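The next block holds one structure in the form of structure tokens; read it before the comments.
The values are calculated or read from the model by the stated rules, or taken from the named source; none is laboratory data. Computed from a predicted structure; not experimentally measured. Every residue, glycine as well, gets a Cβ built from its backbone with ideal geometry; the counts of neighbours run over all protein chains shown.
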């Protein structure tokens, strides 16, 4: 089946000239790495490519090759429409609600809804960027140093530097192949996972001071006022969830991030065998067994207690 999908995707690429690539709102490193990696590879093959992120590109990823090409809105017509790293088509953003069905849907989330005409979904892959690393050569596309820098960033961020439980020998081999193009892996790793702005560090401070523990659940809360006081320009948690997920002696880690008309929630399983994706799915979100998220319309005061109760009930903690 995978060979048939590869052949179908290669044929679509060969026939297309104007290609639109889209990933999800509040993009993480894998969304960005996959978007830029595939986009540059297609450009190198002579295609005209638009790379669109509804929320734009976070400052922490603007060092990546091709990052200056990312736009918030598509322009003109496209003859091939591809979504990357989006389990749910709605996560591409409101501007795509009336857009035509995606021609190709490439993702690694187990909760993917297979909404594309062609769906390349590999739930065992550590990242969508890892899927592209494996398949780009099958589609007649070349992985040069710039493409590799983006794909490596996607892999290293989604595995938290190869610390997630789904890290496999195949993922390490894929990274080795990318490194052979000459990328500076230590620098990419440092920029993606270690460096933080002063504003992000202050934002973390607000979240860490809010930490609460409850029968194996540990969670933090970030308010709009915290973001403003810290001077943080993003609308995410600045990866604070990765710090929370390192807290020992707990079963689940969570972060609640207040938006203007909703609350973004991230779940992390802190012990093997716990599946947080089923909780996220209940609230219209999705993800993986060990890491998932959802964006719920409404106010923090109403949403937080309901989500905590549901999480405890469904995961029996």
> If you take the residues of region 134-144 that are outside any loop (DSSP other than H, G, I, E, B) and in contact (Cβ under 8 Å) with a residue 60 or more places away in the chain, which of them is nearest to residue 37 (Cα to Cα)?
Replying inline: 136
>> Could you tell me how many of the residues in region 77-114 are outside any helix (DSSP H, G or I) and surrounded by fewer than 17 Cβ atoms within 10 Å (Cβ to Cβ)?
In response: 9
> Do we find a residue being within 24 Å of residue 294 (Cα to Cα), in a loop (DSSP other than H, G, I, E, B) and without any contact (Cβ under 8 Å) to a residue 24 or more places away in the chain anywhere in region 65-76?
Replying inline: yes
> Going through region 1-51 one residue at a time, which ones are under 21 Å from residue 90 (Cβ atoms), surrounded by fewer than 23 Cβ atoms within 10 Å (Cβ to Cβ) and either modelled with pLDDT of 95 or more or outside the structural domain of residue 84 (by TED's automatic domain parsing) (or both)?
Replying inline: 50
> In region 288-317, which residues are surrounded by 15 or more Cβ atoms within 10 Å (Cβ to Cβ) and assigned to a helix (DSSP H, G or I)?
Replying inline: 300, 303, 304, 307, 308, 311, 312, 315
> What about residue 251, is it within 22 Å of residue 163 (Cβ to Cβ) and at pLDDT 95 or above?
Replying inline: yes
>> Within region 131-146, does at least one residue satisfy the condition of being in the same structural domain as residue 38 (by TED's automatic domain parsing), closer than 24 Å to residue 276 by Cβ and touching a strand residue (DSSP E or B) at 6+ places or on another chain (Cβ under 9 Å)?
In response: yes
> Are any of the residues in region 158-177 modelled with pLDDT of 95 or more and surrounded by 24 or more Cβ atoms within 10 Å (Cβ to Cβ)?
Replying inline: no
>> I want to confirm something. Restricting to region 268-283 and keeping residues that are farther than 19 Å from residue 244 by Cα and without any contact (Cβ under 8 Å) to a residue 60 or more places away in the chain, which single residue is surrounded by the fewest Cβ atoms within 10 Å (Cβ to Cβ)?
In response: 282
>> Condition first: more than 24 Å from the chain's Cα centre (by Cα) and either in a loop (DSSP other than H, G, I, E, B) or under 17 Å from residue 135 (Cβ atoms) (or both). Now tell me which residues in region 14-26 satisfy that.
In response: 14, 16, 17
> Do you know which residues across region 102-152 are in contact with a helix residue (DSSP H, G or I) (Cβ under 7 Å, 6 or more places away or on another chain) and at positive phi?
Replying inline: 140
